[in-house]
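Heads up, the thing below is written out as structure tokens.
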Amino acid sequence: MNQNKDKHDKPRLLVVTGPESTGKSVLSAALGDALGAPVVPEFAREFLLAREGRYRQSDLEAIARGQRQAIEHHRQQAGRWLVVDTDWTVLQVWEQFKYRPAAYHWPKGYGALEVPHLYLLCAPDFPWAPDPLREHPEAREELFIHYQKVLVQTPAPVLTLYGALEARLQQVLERVG
């Protein structure tokens, strides 16, 4: 256990979320470095790589469980902060956008939702970076609106980030100071 943390203290979660190719993983790594905090990687990437990018709606629950387990694992090494590269919000948006179910299933498989200290919503103002796991370069603005709708319903504060990585990082560091 991290010696800078009382055994009863939970680290504050900074959750980076948003559409594909908006710099989430790069920002997460930069925040982890700047704050001396562990970074929980996006479990969906590992899951999809193992399946050559193929998935079904029913796989979203397994992805949610894997992300939750990764958060719990990294929490053990965290001090004051824990940076999370996406959470259940990505899965809810993706289910709504891709499958358009009559009833949404979230947070099925995720368990009780923990309220993060801050959601960091990355705007789609980065150039699209091709990646075999990314699916919708033409829909980033539409997906961004989905994220805004989901996040406004959470009790956590949301900081929407625009601009280059350095500007985004500075905005977050000023906010969490």
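The values are calculated or read from the model by the stated rules, or taken from the named source; none is laboratory data. Predicted, not measured: the structure shown is a model, and the values here were computed from it. So basically every Cβ, Gly included, is an ideal-geometry build from the backbone, and we count neighbours across all protein chains shown. SASA here: full protein model, heavy atoms, side chains in, ligands and nucleic acids out. Shrake-Rupley method; radii C 1.70, N 1.55, O 1.52, S 1.80 Å.
Of note:
- For segment 136-177, a residue qualifies if it is in a loop (DSSP other than H, G, I, E, B) and open to solvent by 60 Å² or more (accessible area, probe 1.4 Å), and the qualifying residues are Val152, Gln153, Pro155, Tyr162, Gly177.
- Residue match in segment 68-82 (condition: in a helix (DSSP H, G or I), open to solvent by 70 Å² or more (accessible area, probe 1.4 Å) and touching a Gly at 6+ places or on another chain (Cβ under 9 Å)): no
- Taken over segment 7-31, the residue count meeting the criterion of being in a helix (DSSP H, G or I) and touching an Asp or Glu at 6+ places or on another chain (Cβ under 9 Å) is 6.
- Hey, Leu27 at pLDDT 95 or above and either open to solvent by less than 20 Å² (accessible area, probe 1.4 Å) or touching a helix residue (DSSP H, G or I) at 6+ places or on another chain (Cβ under 9 Å) (or both) or not: yes
- Tally of residues being surrounded by fewer than 15 Cβ atoms within 10 Å (Cβ to Cβ) and of a type in the set (S, T, N, Q) across segment 38-67: 2
- Residue that is closer than 25 Å to Asp59 by Cα, among the aromatic types (Phe, Trp, Tyr) and at pLDDT 90 or above, where the choices are Tyr104, Tyr147: Tyr147
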